[in-house]
């Protein structure tokens with residue numbers, strides 16, 4: 001079968017498949033993160049699980065890999081020659097207020113879900129950006145804005161609808177498919193195409209949250225104070241700090257344009273009065289902007305202010321055991337100065353622990369990372385440019401400076417193009433869990449059809 005011609009299409013995909021010569025082809029295989037260029041053979045505009053199953057069977061008959069695209073934040077490897085299954089049109093969303101659950105289609109982003117669940121007085125365990133796709137986030141583990149209070153998002157999944165490499169549509173639960181249910185929660189897209197998920201919701205309608213902004217020139221004062229402040233925080237407080245250099249561009253709000261800032265992010269699930277008391281020591285430092293307040297959870301995206309528009313983002317991450325005074329100084333030495341060490345972009349450290357340090361009710365491939373902090377860096381630059389190389393070098397300097405505190409592990413939900421090598425993907429898992437993932441992969445995708453991702457090769461593959 002030729003994958004370059006519509007003549008070989010199954011009838012159910014006619015009119016829903018684009019080829020390189022078709023209008024809209026480029027747009028339909030492009031995601032939020034533009035750092036990886038793709039040259040797929042076809043793009044299937046899926047509207048149902050049946051469409052996805054037909055696309056998988058079509059790719060199988062042509063001997064082509066399958067790539068999956070919704071929002072496209074987690075860029076990994078080029079989808080060259082692949083059949084891209086675009087799930088953006090799969091917008092199913094229903095909320096059961098009594099059971100505190102939601103059923104979510106594969107095309108939705110977290111902003112869609114937050115807006116709908118709020119009507120029932122509930123919230124999902126979403127991440128910092130409202131534009132991140134639900135399924136990639138859930139299958140990677142998901143690091144919620146309220147993570148210290150409620151844990152990882154994947155531990156709140158009840159079931160997945162999954163199209164496996166044989167073209168079957170399966171409902172994957174702890175009882176029906178225990179191995180797949182364990183593997184998909186943390187194993188990302190290696191085991192099939194998730195078309196829908198049912199998740200537990202939490203009884204949250206408001207949060208005491210927002211940001212404190214300080215001039216970057218005060219980093220040597222603010223960073224040590226922030227990490228000292230963490231020692232007295234309850235599990236209801238989830239926070240992070242980012243060293244953030246804004247580019248001097250018209251698209252950047254004028255009050256941030258060209259500036260180097262420290263942004264402390266706050267998300268507290270207790271009362272506003274208690275939140276105000278807990279944040280008081282940070283306020284005493286005298287931020288130049290203070291937008292921490294009691295807010296409806298529908299405004300949760302305002303806490304991190306992640307960029308909503310597509311961009312080529314170069315990212316690196318690490319899991320850190322601890323951040324003591326020496327680690328703070330090491331970070332200040334490489335990223336805490338307002339004289340060019342840090343290119344446009346950010347270096348964030350997020351406080352873990354609390355519920356994030358406990359296993360879910362049903363074990364998953366994510367496991368329980370033994371780390372107190374998560375390091376995340378993202379710097380925008382066009383591929384192949386001097387700016388991209390500068391970003392790569394700056395991020396490597398930070399990684400090197402914090403090597404003493406690095407666990408060597410990664411969070412699967414925070415893997416990017418820099419983490420696409422097999423040995424780097426393996427760092428997302430405990431060794432025994434990675435071996436189990438490879439065995440499950442061999443049982444369900446022995447030909448490694450689902451390899452346009454942070455790939456876990458089948459056990460009989462090198």
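What fraction of the Cα pairs in the chain, stated in percent, has a spacing above 34 angstrom?
Working: 33573 of 106491 pairs.
It works out to 32 percent of all Cα pairs.
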With label points set 7 Å from each Cα along the Cα-to-Cβ direction at residue 34 and residue 396, the distance between them in nm comes to 2.6 nm
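Using per-residue counts of other Cβ atoms within 10 Å, averaged over each peptide, order 63-73, 311-321 from highest down.
Details: 63-73: 23.1, 311-321: 20.7.
Ranking, from highest mean packing down: 63-73, 311-321.
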Arrange the peptides 18-28, 271-281, 152-162 so that the one whose residues have, on average, the most other Cβ atoms within 10 Å appears first. 152-162, 271-281, 18-28
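Please list 135-143, 221-229 highest first by mean number of surrounding beta-carbon atoms within 10 Å per residue. Each step should come with its number before you reach the end.
Details: 135-143: 26.3, 221-229: 18.4.
The most tightly packed comes first, giving 135-143, 221-229.
I need to check one value: relative contact order of the chain, counting alpha carbon pairs closer than 8 Å and at least 6 residues apart, in percent.
Details: 1081 pairs, mean separation 82.5, N = 462.
Answer for the chain is 18 percent.
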Per 10 angstrom bin, beginning at 0 and ending with the bin that holds the maximum distance, the Cα pairs of the stretch 93-203 fall in percents of 16, 51, 29, 4
Full-extension gain in nm, residue 403 to residue 293, via 0.36 nm per residue minus C-alpha separation: 36.0 nm
Run the simple label-point estimate for residue 168 and residue 321 please: 7 Å along Cα→C-beta, distance reported in nm. 4.5 nm
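How long are the semi-axes of the equivalent ellipsoid of the stretch 6-86, taking √(5λ) for every eigenvalue λ of the Cα gyration tensor, in whole Å from largest down?
Working: eigenvalues 77, 31, 30 Å².
The equivalent ellipsoid of the stretch 6-86 has semi-axes of 20, 12, 12 Å.
Between residue 370 and residue 435, what is 0.36 nm times their sequence separation minus the Cα-Cα distance? Round to one decimal in nm.
Numbers: separation 65, 0.36 × 65 = 23.40 nm, distance 1.90 nm.
Separation in residues times 0.36 nm, less the Cα-Cα distance, equals 21.5 nm.
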Where a label projected 7 Å from the Cα of residue 274 along Cα→Cβ would reach, residues of the stretch 177-211 with amide N under 12 Å: 208
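Any chance you could run the full-extension gain for residue 89 through residue 217? It's 0.36 nm times the residue separation minus the Cα-Cα distance, nm to one decimal. Present the calculation step by step, with values, prior to reporting the outcome.
Details: separation 128, 0.36 × 128 = 46.08 nm, distance 4.59 nm.
Value of the extension gain: 41.5 nm.
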In degrees, nearest 10, the alpha-carbon axis of helix 178-187 is tilted away from the dominant principal axis of the alpha carbons of the chain by 50 degrees
Label point distance in nm, residue 80-residue 254, each placed 7 Å from Cα along Cα→Cβ: 4.7 nm
Over the stretch 91-184, relative contact order from alpha-carbon pairs under 8 Å, at least 6 apart, %: 16 percent
Between the stretch 279-352 and the stretch 412-462, the Cα center-to-center distance that results, in Å: 30 Å
Taking the 0 to 90 degree range and rounding to the nearest ten, how far is the long axis of helix 272-283 tilted relative to the main principal axis of the chain, both from C-alpha atoms? 70 degrees
Crossing angle, helix 219-230 versus the chain [Cα axis fit, 0-90 degrees, rounded to tens]: 80 degrees
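Read-outs throughout are calculated quantities, based only on the coordinates presented, and are distinct from any laboratory measurement. Every value quoted in this text rests on a predicted model; they were computed, and no experiment measured them. Neighbour counts run over all protein chains shown; Cβ positions are idealised from the backbone, glycine included.
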